[in-house]
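Take a look at the structure below.
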């Protein structure tokens, strides 16, 4: 399966671990932002950087069959990716506590407390 991982930049370590678990099970991870050696904070990006990153991320979501959303309180950009994936007919899976999640996270077709719990669905 081709899977995009969406979360806040501040939650990068969780995205890296999720990608490792997925690739260990033979899935292809289409998101690459979490593997970059240095991530530039969004506030420090130029307009050109923002446009390039957004285009790269939307293309990676488009290429995926599934988007996994790792909930995080600063995941505003990831919620845009959730909406984009949902609008494109992709399967959207949410990971995290159900309490306090964003209203937009309701677009997730399934919700799990951990990536390990979601693995049964993903195979």
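Read the figures in this text as sums done on the coordinates, not as results from a lab. Quantities reported herein were computed from a predicted structural model and do not represent experimental measurements. Cβ placement follows ideal geometry from the backbone for every residue including glycine, while neighbour counts extend to all protein chains displayed.
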Checklist entry - To the nearest 0.05, what FRET efficiency results for residue 73 and residue 114 with a Förster distance of 22 Å applied to their C-beta separation? => result 0.80
Checklist entry - Among 51, 78, 105, which one shows the biggest mean-square fluctuation in a GNM of the chain, springs joining Cα atoms closer than 10 Å? => result 51
Checklist outcome for this item: Extension length gain for residue 21 and residue 56 (0.36 nm per residue less Cα distance), in nm, is 10.3 nm
Item to check | For Rg and Dmax of the Cα atoms in Å, calculated from these coordinates, the label among (1) 13.4, 41; (2) 54.3, 187; (3) 15.5, 49 | outcome: (1)
Checklist entry - What is the gain in length, in nm to one decimal, between residue 10 and residue 46 on full extension, counting 0.36 nm per residue of separation less the C-alpha to C-alpha distance? => result 11.0 nm
Checklist outcome for this item: The simple spin-label model distance between residue 28 and residue 121, using points 7 Å out along Cα→Cβ, in nm, is 2.2 nm
Checklist entry - Relative contact order, percent, of the chain when contacts are C-alpha pairs under 8 Å separated by at least 6 residues? => result 27 percent
